[in-house]
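The values are calculated or read from the model by the stated rules, or taken from the named source; none is laboratory data. In this text the structure is predicted, and so the values were computed from the model without any measurement. We place every Cβ from the backbone using ideal geometry, glycine too, and count neighbours over all the protein chains shown. The area values use the complete protein model at the heavy-atom level, side chains included, leaving out ligands, DNA and RNA. Shrake-Rupley method; radii C 1.70, N 1.55, O 1.52, S 1.80 Å.
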Amino acid sequence: MSYTQAFLRNFLGTSPDWYKITIVLFLIVNPIIFFFISPFIAGWLLVAEFILTLAMALKCYPLQPGGLLALEAVAIGMTHPEHVKMEIMANFEVILLLIFMVAGIYFMKQLLLFVFTKLLLSIRSKMVLSLAFCLSAAFLSAFLDALTVVAVIISVGMGFYGVYHKVASGSNFNDSTDITKDDKIGENKDTLEQFRAFLRSLMMHSCVGTALGGVMTMVGEPQNLIIAEQAKWAFGEFFLRMLPVTLPVLLCGLTTCILVEKFSLFGYGAKLPRKVWGILAKFDRNNQQRMSQQDRLKLFFQGLVGIWLVLGLAFHLAAVGIIGLTVIILATSFCGVTSEHAIGKAFQESLPFTALLVVFFSVVAVIIDQHLFAPIIQFVLAASEHTQLALFYIFNGLLSAISDNVFVATVYINETKAALEAGLIAQPQYELLAVAINTGTNLPSVATPNGQAAFLFLLTSSLAPLIRLSYGRMVYMALPYTIVLSCIGLLAVEYILPGATNMLIQIGLLKPL
């Protein structure tokens, strides 16, 4: 073997050779374009390249190729280390959330698997079950963080998959087996594929549910809080100002959930195989019979910790990550988990994604330093008041689908606030634009995993390869929701929002200016 062949074998491991060569070419071409052609073009090229690394997530985790591209961007001066640090510190609560909250959910998985197994076994209709998952995720995301909700759903999905895979491989429920390998599945392969399709659809319905619920309240998504602070809206006022857009979107989103399941569209409609249902029912009965007083107490204390989690997040008693740390401490203390090795397993899921998110913040720093969105923002602000609402919604949606929606919302609300202070727009128009910015960044961004951190978290989780959920498949399955949510949101912003806001002011639910 030559040194060139050895290098190719080592570089990015088992990734396809064409992908390795493509990344090397990117690393060669980017500095040339940046120094000799246009920094602006080089910046947009970097964004496109980073999106490709996300699309190839099942072949190669995006941290390595994306990290190399980001590292080179800093090295050649597309952004600066201090700016990257500033972006990281600005989003430090999200990083804390990923480190501690996801690990905290790991220690509650017994309770989650118990509750959701009962739900799965009691609701036999796939349509009703999908609606239940979507609604549950929407309700929880209105008060909790979407990443926390997705972490719960992933934990449940992993539990279901692990139970069936072990039995299909010829093992018992409590045996330690490698669920990433299908070599012992044998004649159960068709059933496993159907079960994967079933889990994929539940995961996607749940993720879309987090977007439907997260847009409604000021605590649902990080950018909501930023917009609420700039517009000086309290919890109730934020909810009411969003309601003319979020209510029709929620109803149409739930209708979409029903239709794609009923007519088996866009990869939905797969039912839970009877064989899998039987194994899960047996698993549930087995657990009930084997459950000791100690096990019941564990479930009880995990339930108490769950109540604390909901109350702590709903009333913002501390930063989300800090509440996650308290969940780890309480759940491990009262459930008897004291081994460092056992505790360490809880962090395996979240830390790679946390590192990837820091790389993503480096790309965001490049977007800011190279002013990649500046022409779009200037174009929108120069438009007439009549067309501004629709343009703000559309461009926020487009940019959020390829970039971080928190960053897009922050840039737009700051520019809009500056326009207000400069006297370019009036206060009523500013408040309508704030609604357009919030809904524009939250709804169309379901199109790709780039815009929604919860979608990206699912894509890069250990569950995604098990249920064959790739970047392309996720975009395809999100497509009906993207079309419905984006279009209904746009129509509501353009035709319902101004009149409904005036009506809410007239009946006294919103304060007049």
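Numbers at a glance
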quantity: Linear extension gain, residue 181 paired with residue 14, 0.36 nm per residue minus alpha-carbon span; calculated: 58.5 nm
quantity: At R0 = 56 Å, FRET efficiency that the Cβ-Cβ distance of residue 296 and residue 28 yields, to 0.05; calculated: 0.35
quantity: Cα convex hull volume per residue for the stretch 281-428 (Å³); calculated: 205
quantity: Percentage relative contact order, the stretch 136-261, counting C-alpha pairs under 8 Å, at least six apart; calculated: 34
quantity: 1.4 Å probe accessible area per residue over the chain, in Å²; calculated: 43
quantity: Violating pairs (Cα-Cα greater than 29 angstrom) within the set 20/109; 181/271; 166/271; 85/109; calculated: 20/109; 85/109
quantity: Globularity index of the stretch 188-306, i.e. its alpha-carbon radius of gyration over 2.2 N^0.38 Å; calculated: 1.51
quantity: Percent accessible area from carbon and sulfur atoms, the stretch 282-342, protein chains only, probe 1.4 Å; calculated: 63
quantity: Sites residue 348 and residue 502, calculated FRET efficiency, Cβ-Cβ separation with R0 56 Å, nearest 0.05; calculated: 0.60
quantity: Taking the stretch 424-490 and dividing mean pair separation by its residue count, relative contact order in percent (alpha carbons under 8 Å, at least six apart); calculated: 37
quantity: FRET efficiency for residue 232 and residue 80, using Cβ-Cβ distance with R0 set to 41 Å, rounded to 0.05; calculated: 0.80
quantity: Low-density loop positions, trypsin sites (Lys or Arg not before Pro), the stretch 65-151 - DSSP coil, at most 12 other Cβ in 10 Å; calculated: 124
quantity: Gain on full stretching of the segment that runs from residue 259 to residue 89 - 0.36 nm per residue minus C-alpha separation; calculated: 57.0 nm
quantity: DSSP H segments from the chain that extend 20 Å or more along their own axis, Cα-based, with Kyte-Doolittle mean of 1.0 or above; calculated: 17-36, 39-55, 126-143, 146-168, 235-262, 320-335, 350-369, 471-491
quantity: Distance from the stretch 385-455 to the stretch 1-38 (C-alpha centre basis), Å; calculated: 36
quantity: Simple Cβ-charge dipole of the stretch 370-513, Lys/Arg +1 and Asp/Glu -1, about Cα centre, in debye nearest 20; calculated: 420
quantity: Rg(Cα)/(2.2 N^0.38 Å) for the stretch 375-513, N = residue count; calculated: 1.18
quantity: Accessible carbon and sulfur surface of the stretch 1-41 relative to its total accessible area, %, 1.4 Å; calculated: 72
quantity: Semi-axis lengths (Å, descending) of the ellipsoid that matches the C-alpha gyration tensor of the chain; calculated: 37, 30, 22
quantity: Loop-located chymotrypsin sites (Phe, Trp or Tyr not before Pro) in the stretch 208-275, at most 12 other Cβ atoms within 10 Å (DSSP); calculated: 263
quantity: Accessible carbon and sulfur surface of the stretch 356-465 relative to its total accessible area, %, 1.4 Å; calculated: 68
quantity: The stretch 20-129 - Debye-derived log10 I(q)/I(0), Cα point model, q = 0.13, 0.14, 0.20 Å⁻¹; calculated: -0.71, -0.76, -1.09
quantity: Distance from the stretch 158-214 to the stretch 250-304 (C-alpha centre basis), Å; calculated: 12
quantity: For the stretch 142-156 versus the stretch 74-123, the gap between their alpha-carbon centres in whole angstrom; calculated: 9
quantity: Inter-label distance, nm, simple model (7 Å from Cα along the C-beta direction), residue 247/residue 36; calculated: 6.1
quantity: Stretchable slack from residue 491 to residue 281, in nm (0.36 nm times residue separation minus alpha-carbon distance); calculated: 71.1 nm
quantity: Average Cα contact separation per residue, the chain, under 8 Å, 6 or more apart, as relative contact order %; calculated: 23
quantity: Simple spin-label estimate for residue 172 and residue 337 in nanometres, 7 Å along Cα-Cβ; calculated: 2.4
quantity: Descending Cα extents along the principal axes, the stretch 66-117, whole Å; calculated: 52, 21, 13
quantity: Taking the convex hull of Cα positions in the stretch 414-473, its mean projected area over all directions (nm²); calculated: 4.9
quantity: Rounded accessible area of residue 358 (nearest 10 Å², 1.4 Å probe); calculated: 40
quantity: Qualifying chymotrypsin sites (Phe, Trp or Tyr not before Pro) in the stretch 278-385, DSSP loop, other Cβ atoms within 10 Å at most 15; calculated: 315
